[in-house]
1. Could you tell me whether region A:102-116 includes any residue that is part of a loop (DSSP other than H, G, I, E, B), under 30 Å from A:Leu156 (Cβ atoms) and at pLDDT 85 or above?
2. Within region B:132-139, is even one residue modelled with pLDDT of 95 or more, within 9 Å of chain A (Cβ to nearest Cβ) and not in a helix (DSSP H, G or I)?
3. So B:Lys107 clears everything in (1) in contact with a His (Cβ under 8 Å, 6 or more places away or on another chain); (2) away from chain A (no Cβ under 11 Å); (3) not hydroxyl-bearing (Ser, Thr, Tyr) except one condition, right? Which one?
4. Quick one: A:Leu144 ticks every box in (1) farther than 30 Å from A:Pro194 by Cα; (2) at the interface with chain B (Cβ under 10 Å from one of its Cβ atoms); (3) without any contact (Cβ under 8 Å) to a residue 24 or more places away in the chain except a single one, so which number is it?
5. Do we find that A:Pro194 is more than 10 Å from chain B (Cβ to nearest Cβ), loosely packed, with under 15 Cβ neighbours inside 10 Å and either in contact with a Ser or Thr (Cβ under 8 Å, 6 or more places away or on another chain) or in contact (Cβ under 8 Å) with a residue 60 or more places away in the chain (or both) in this structure?
6. Can you find even one residue in region A:120-134 that is away from chain B (no Cβ under 12 Å), closer than 22 Å to B:Ala264 by Cβ and among the aromatic types (Phe, Trp, Tyr)?
7. What tally of residues in region A:240-253 results from selecting those that are more than 7 Å from chain B (Cβ to nearest Cβ) and more than 21 Å from the chain's Cα centre (by Cα)?
8. So which of A:Ser179, A:Ser192 is assigned by TED's automatic domain parsing to the domain that holds A:Leu262, under 19 Å from B:Ile24 (Cα atoms) and not acidic (Asp, Glu)?
Amino acid sequence: MKIRKSTIIAHAIAWSVSLIWIIPFLGVFMASIRPFDEVLSGWWNFESFHLTSQGYLGAWNHPTAPLSRAMLNSLIVTIPSTFLPILVAALAAYAFARFKFPSRDLLFLLIVLLQTVPQQMVIIPIFNLMLRLGLLNNYLGLILLHSSFGLPWMILFLRNFFSVLPVEVEEAARIDGASYFKIFYKIVLPMSLPALASIIALQFVWVWNDFFFALALIQNPRLKLATQAIPVMIGRYEINWTIISAASIMVMIIPVVVYVVLQRYYVRGLVAGAVKG
Amino acid sequence: MRHCKKKQDKTIAYGGAETKGRTITPLVFLIPAFLLVTIFVLYPVVSTVSLSLFQDSKFVGFNNYLELFGRRSFSQALIHNGLWILIHLPLSVFFGLLLAVLLRQVKGGAIIKSIIFLGMVIPLVVGGILFRFIYDTDAGVVNALLRFIGLGSIARSWTFYPDTALISLIIGTIWIWTGFSMIVYSAGLEGIPIELYEAAKIDGASRWKTFWRITVPMLRPATIVVVTMTLLWVLKVFDVVYVATFGGPGGASTVMAFEMYLDAFQAFNFGRASAIATILTLMTFGFAAYMVNRMAKS
């Protein structure tokens, strides 16, 4: 078989460009399993090579920001913030897709607009509100905020999905006397599992990765989330790369697992026009 | 993209006698979402706009805005966001397209794509850590490379110096966000009918010409998505700045969202912070509206 020259060039460029993207991940992994002094002389340096669990143990039991607690805290916030808004969004999206009601298109336009609102635009009134309600340093406040902030793009995404589902099944069920709500959860939701998977994947990762909302609403050191623990570990002058690399790996492994398991849905959701953030 | 194609309404038609059910039901379905969105998104947006007109509970009109534009730190931040867009956007589009086209024909391309896309999955806080790590004097791979090619004299912790902090971060976000443009362009490439290429081949068009005359125009919708999203992310960039440089040294890498954070939660000047947030949001809406408009046209 003759191999074309252009194919070889394409492979060479592709692999070398890809290497640029892979090296930092490789580096942070190597740094996380090697002693600090070896990392300082370069993780790519293999003249003396020792494995250590210091990094992972040090990050897990860190004196001021233990990841053992921070990651649990993050889960406590992320799981309800992922599942609570799904049902709420699906109901609203179904109404937008299937019913005619006054000023529907205007309301929908508002939803489209709201999904591009930056976090900075809501945080001050939210901070004041939570202060008044006693919900600062309280996960309930953060969960409500994340759930609500995720609603606009979920509604948009699900409405687009619902509106291309075949309507005939629903009409038949209606004629047979099923209520709207029954149609919704017996017929529509089961048909929408792929779309729901996209939402779960994206919202979970998005809430887990969030830093800004947590920074504003959670200041109690015991309650800090995983993304907040990392800046605490940096310290003022010298960074212990072994510990901070291990912490980075542990904090990113959760969203990476979600991505690997739900890859198709994750990418589809992101590409399908999540103008979110 | 897939679900947006059909525009026609598919409202349920059930015949006459159900007008009552048809107006009450949507209301019931909508109420939970609208309560949450109103309390936690809509009301705060309106409230932020109004807060931006006050200082210490006194109405000051547009004074906060005027004050902002008089401050060096804010104009600096504005310029930095602008530079960020100017540098990040073309490079991210270029690398995304390059990788999408190349990795399509390369063995193991799917795995490489998944790894490159990881930037879109990891927390940006970790992204900030990664930047500091690769730019570090001793532990960083960038400086090792410089020493290797004989430029060891300029090796240093790039994020620590006023003249290189910002550009270091910008290169970092290109690294993080190019996975998105690569994936969107990959999806776009899949959507180009193969017949077009066959026809071009029959006509004897060169590969280069085929790329510019068929691939690029067919990828226009993908480009609009990539440009919009990238613009919005870069406008709002915050986490990486906070972690990697804290806007420093001396404001050398500060951005609008970071200035907003400092004003709101370090200086507790809610009026001025609200003014920054409002400017940021207006810019976001402006870009988004412009792009949606272009998308509707094409």
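1. Within region A:102-116, one or more residues are part of a loop (DSSP other than H, G, I, E, B), under 30 Å from A:Leu156 (Cβ atoms) and at pLDDT 85 or above.
2. The answer is no; no qualifying residue exists.
3. Of the numbered conditions (1) in contact with a His (Cβ under 8 Å, 6 or more places away or on another chain); (2) away from chain A (no Cβ under 11 Å); (3) not hydroxyl-bearing (Ser, Thr, Tyr), the odd one out for B:Lys107 is (2).
4. (1)
5. Considered against the rule, which asks whether it is more than 10 Å from chain B (Cβ to nearest Cβ), loosely packed, with under 15 Cβ neighbours inside 10 Å and either in contact with a Ser or Thr (Cβ under 8 Å, 6 or more places away or on another chain) or in contact (Cβ under 8 Å) with a residue 60 or more places away in the chain (or both), A:Pro194 comes out as yes.
6. Checking region A:120-134: not a single residue is away from chain B (no Cβ under 12 Å), closer than 22 Å to B:Ala264 by Cβ and among the aromatic types (Phe, Trp, Tyr).
7. Of the residues in that region, 3 qualify.
8. Just a single option satisfies the conditions, and that option is A:Ser179.
The values are calculated or read from the model by the stated rules, or taken from the named source; none is laboratory data. Predicted model, so just to flag it, every value in this text is computed and none were measured. Note that we place each Cβ from the backbone using ideal geometry, even for glycine, and neighbour counts take in every protein chain shown.
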